[in-house]
1. Percent relative contact order of the range B:32-92, based on C-alpha pairs within less than 8 angstrom and at least six residues apart?
2. If each DSSP helix of 4+ residues adds -39,500 (n - 2.57) and the sum is divided by the residues in chain A, what number results at 222 nm, nearest 500 deg cm²/dmol?
3. Could you pull out the chymotrypsin sites (Phe, Trp or Tyr not before Pro) across the range B:92-178 that fall in loop regions by DSSP (anything but H, G, I, E, B) with no more than 11 other Cβ atoms inside 10 Å?
4. What are the semi-axes of the equivalent ellipsoid for the range A:57-188, taken as the square roots of 5 times the Cα gyration tensor eigenvalues, largest first, in whole Å?
5. Please identify the helices of chain A, taking whole runs of DSSP H, that span at least 27 Å along their own axis as judged from the Cα atoms and have a mean Kyte-Doolittle score of -0.5 or higher.
6. Which residue fluctuates the most in chain A, going by a Gaussian network model with Cα springs under 10 Å, if the choices are A:F159, A:F20, A:F12?
7. Which one, A:V97, A:L168, A:G86, projects farthest toward the positive side of the charge dipole computed for the protein assembly as shown from Cβ point charges (K/R +1, D/E -1)?
8. If you place +1 on the Cβ of every Lys and Arg and -1 on the Cβ of every Asp and Glu, how big does the dipole about the Cα centre of the protein assembly as shown come out, in debye to the nearest 20?
Amino acid sequence: MSRGRRLLTLFFSMLTISAFTFGGGFVIVTLMKRKFVDELGWLDENEMLDMTAMAQSAPGAIAVNAAILVGWKVAGLPGMLAAVTGTVIPPLVILSVLSAFYRLFADNRYVALVLRGMQCGVAAVILDVALSLGLKAAEGKDALRLIVMAAAFAATFFFKINVIFIILGAAAVGIAAALLRRKGGERP
Amino acid sequence: MILWQLFLSFAQIGLFSIGGGYAAIPLIQSQAVEIHGWLTAEQFLDLATIAEMTPGPIALNAASFVGIQVAGIAGAVIATLGCVLPSLVIVSALSWVYGRYRRLPLLQSVLDFLRPAVVALIAAAGINMLLQVACGGRALNGFRPVPALLFAAAFLALRRFKCSPILVMLLCGAAGLVLGLAVDGGM
């Protein structure tokens, strides 16, 4: 794909994805995984997960952060600008138009039904991607990583622990594992 | 002057909201309602409702909404720019570090353990959303079969038939409207 085509694809992919991300940062990340990993093959699965962790831990909207990371990776500075522009246009346009008659929109029964239906679809998209990623992670059969996965799930789902602390905790396990390995390697 | 003020306020919101939309809401409230009086408390509630109902990050939705009320289209554009500027700087730096140092054994090990944690976070977000649509929250006695079936159909379409996610979401929206009107209290 030529450089220009790449930038255009990046821009329009982020534009469409941003126009359909109901319900927070993880939705956009799952759609990006389907697009950039499964469909275009521009990133591998691990890179997408790394980018999700970084997008989540850095300040700002997760969607914008993820767009910046993918943009740089795919096409450098122009890629980053194309991806971010694509991401910010839909909210800018939709909210600007809606702000004129938002009362009508917010109280409308039909709009509410359509949105309720779309939420069912969004839940399906997230769980579909989560299942694929989870099965892939379980393939490695690395016990410690599976424990981290289970602990992270329990921490966020049952105990409502802030995501930042979960990411810091997983990073700490990674550092500890690396240090232990180094120590083990030094032994004669 | 007002544009500069908008830019600064939303740059602060972008800089201090770590962890996505729900962290941004109180910051937006403090800047737009309490400090500058750009929105009334009631308008802020409207904003929170619309931000939830429309696509896109909450912080960007708020930037457009507040910007256009205060200073028209230019206001919306400037507030949006302010909101993304901190991300542009910080995440670009992060991207550089990642590109350069991801092969280091220490960072490799950190990433090895971050990935399963991220998978768990995505799964939890999906299950929470499913509980929300199928049970109206976490109480299982609020179970509603119609949204649950719609979810099951969507999941099947994605997994078995590899349908495009955006197509699935659009079809679900249409199905929601039809089923909601056909089945009394179904959705």
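1. Working: 44 pairs, mean separation 13.4, N = 61.
Relative contact order for the range B:32-92 comes out at 22 percent.
2. On the way: 8 runs with 150 residues, N = 188.
Mean residue ellipticity at 222 nm (helix-derived): -27000 deg cm²/dmol.
3. B:F161
4. Details: eigenvalues 307, 97, 41 Å².
With the √(5λ) rule applied to the range A:57-188, the semi-axes are 39, 22, 14 Å.
5. On the way: long enough: A:62-98 (34 Å, 1.78); A:109-139 (46 Å, 1.19); A:163-186 (35 Å, 1.39).
Correct list, ordered by number: A:62-98, A:109-139, A:163-186.
6. The residue that fluctuates most here is A:F159.
7. Towards the positive end, the residue furthest out is A:L168.
8. Values: 27 positive and 17 negative charges, 223 e Å.
Its charge dipole is roughly 1080 debye.
The values are calculated or read from the model by the stated rules, or taken from the named source; none is laboratory data. Small disclaimer: the values here were computed from a predicted structure and weren't measured. Heads up, the Cβs are rebuilt from the backbone with ideal geometry, glycines too, and the neighbour counts pull from every protein chain shown. In case anyone asks, the SASA skips ligands and DNA or RNA and just uses the protein heavy atoms, side chains included. Shrake-Rupley method; radii C 1.70, N 1.55, O 1.52, S 1.80 Å.
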